[in-house]
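Data first, discussion second: the structure below is written as structure tokens.
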Amino acid sequence: MIVSVLGTGTMGAPMAENLAAAGFDVRVWNRSLEKARAVEGASACSSPGEASAGADFVLTVLSDGDAVEETVRDLDFGDAVWLQMSTVGIEATERLMEIAGDVQFVDAPVVGTKKPAEEGKLVVLASGPSDALDRAGPVFDVVGAKTVALGEAGEGTRLKLVINAWLVILLQGLAESIAFAEAIGVDPQVFLDTIGGGPTGPPYAELKGKMMIAREFDPSFSLALARKDAALVLEAAERHGFDAPLVSLVMHKMDEAIEAGHGDEDMAATFLASAPGR
């Protein structure tokens, strides 16, 4: 089967490489052609149309809804299933569904960052026509360790927003706890060791907490993109008349860190907006 992957950034590139390693005929496109050429096992194309011609599946793995819309606006999908795997929010997903028209559209954002993408251990939140989901099963099995089958297209995005709300709140809570530990003279590593493996110590705390303690933020998922995801949560909350004060606070702290020049670092760099002596 021919799979076209449009977008070869932090997530798209390893997803494409895993698909190529699994025996799919993978064609890739990226705004920066150099990034497309760096994808092992795939054929780099100079345009989305070239990458998608005759494809069985077209995956969009781009930064936001506007980027996806710009990329596919004039695309001829042919008989391909469109697997929209970017995190773009409710409003943009509805726009993309309108653009899809008669094209089989699967809304399938993923949960996970760079390492799970490289290991093929993402969680795929798949929603759309049942026959399209069945066809896409082999693709999802390669890029993910788990596929959550949901209802109509759009349900995947809604669940992703809930998960993202939880993650950014958890991240900011961790950042403030480590900063608080440092401020009152508690070794933050002892804090992580104490909660580790217990009901109050999710693995995420160990992963991001080590970055915060070391002040080393090699990007697994950038702070700028995490801030984008937080904004999508707030957009959906406002649309549905829901007050989300914690996410608003998290976004404010992210903005502080981004304004200080940390937007391209890992999302854990939001810690720097709370760290003592920052």
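The values are calculated or read from the model by the stated rules, or taken from the named source; none is laboratory data. Given the structure is predicted, the values throughout are model-derived calculations rather than measurements. Note that we place each Cβ from the backbone using ideal geometry, even for glycine, and neighbour counts take in every protein chain shown.
Among the conditions (1) closer than 30 Å to residue 206 by Cβ; (2) outside the structural domain of residue 207 (by TED's automatic domain parsing); (3) surrounded by fewer than 24 Cβ atoms within 10 Å (Cβ to Cβ), residue 72 misses just one, which is (1).
Total residues in region 48-69 satisfying the condition of being exposed (fewer than 14 other Cβ atoms within 10 Å of the Cβ) and within 16 Å of residue 26 (Cβ to Cβ): the figure is 2.
Can you tell me which residues in region 72-118 are part of a loop (DSSP other than H, G, I, E, B) and of a type in the set (A, V, I, L, M)?
75, 80, 85, 88, 103, 108
Residues in region 228-250 that are free of Cβ contacts under 8 Å to residues at least 40 places away in the same chain and within 24 Å of residue 180 (Cβ to Cβ): 2 in all.
Condition check ((1) in contact with a strand residue (DSSP E or B) (Cβ under 6 Å, 6 or more places away or on another chain); (2) closer than 19 Å to residue 93 by Cα; (3) in a strand (DSSP E or B)) across all residues:
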| residue | (1), (2), (3) |
| --- | --- |
| 39 | yes, no, no |
| 55 | yes, no, no |
| 58 | yes, yes, yes |
| 69 | no, yes, no |
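Looking at 118, 98, just one residue is touching a residue at least 12 places away in the same chain (Cβ under 8 Å) and acidic (Asp, Glu), and that residue is 118. Scanning region 119-134 for residues that are crowded, with 18+ Cβ neighbours inside 10 Å and assigned to a helix (DSSP H, G or I) gives 132, 133. If you filter region 14-28 down to residues that are without any contact (Cβ under 8 Å) to a residue 40 or more places away in the chain and in contact with a helix residue (DSSP H, G or I) (Cβ under 7 Å, 6 or more places away or on another chain), you find that the one that is nearest to residue 114 (Cα to Cα) is 28.
Within region 135-164, the residues that satisfy the criterion of being among the small types (Gly, Ala, Ser), over 17 Å from the mean Cα position of the chain (by Cα) and not in a strand (DSSP E or B) are 136, 137, 151, 153. Scanning region 96-118 for residues that are surrounded by fewer than 19 Cβ atoms within 10 Å (Cβ to Cβ), over 18 Å from residue 229 (Cβ atoms) and touching a helix residue (DSSP H, G or I) at 6+ places or on another chain (Cβ under 8 Å) returns 99, 118.
Somewhere in region 196-205, is a residue touching a helix residue (DSSP H, G or I) at 6+ places or on another chain (Cβ under 7 Å), in a helix (DSSP H, G or I), crowded, with 18+ Cβ neighbours inside 10 Å and outside the structural domain of residue 8 (by TED's automatic domain parsing)? The answer is yes; a qualifying residue exists.
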